[in-house]
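Some notes on the structure that comes next.
The values are calculated or read from the model by the stated rules, or taken from the named source; none is laboratory data. What you see is a predicted model, and the numbers here were worked out from it, not measured in a lab. All Cβ positions, even for glycine, are placed from backbone atoms using ideal geometry, and neighbour counts span all protein chains on display.
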């Protein structure tokens with residue numbers, strides 16, 4: 001009984017990790033789309049003096 005509950009917990013953790021990775025991937029994809037929609041490319045951002053992103 002203890003063994004099966006431990007396996008279930010590990011499975012749930014793996015599922016949570018997978019959904020988290022999917023969420024992070026979709027978030028990065030969304031941010032990339034937003035940047036494209038704004039028409040700002042990395043080259044343009046680099047030329048801006050107020051750009052404080054390292």
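Exactly one of these conditions fails for residue 53: (1) part of a helix (DSSP H, G or I); (2) at pLDDT below 60. Give me its number.
Going through the list (1) part of a helix (DSSP H, G or I); (2) at pLDDT below 60, residue 53 breaks only (1).
Do any residues in the range 9-24 that are touching a residue at least 40 places away in the same chain (Cβ under 8 Å) have Cβ atoms under 8 Å from those of residues that are surrounded by 10 or more Cβ atoms within 10 Å (Cβ to Cβ), where the two are at least six apart or on different chains, and which pairs are they?
none
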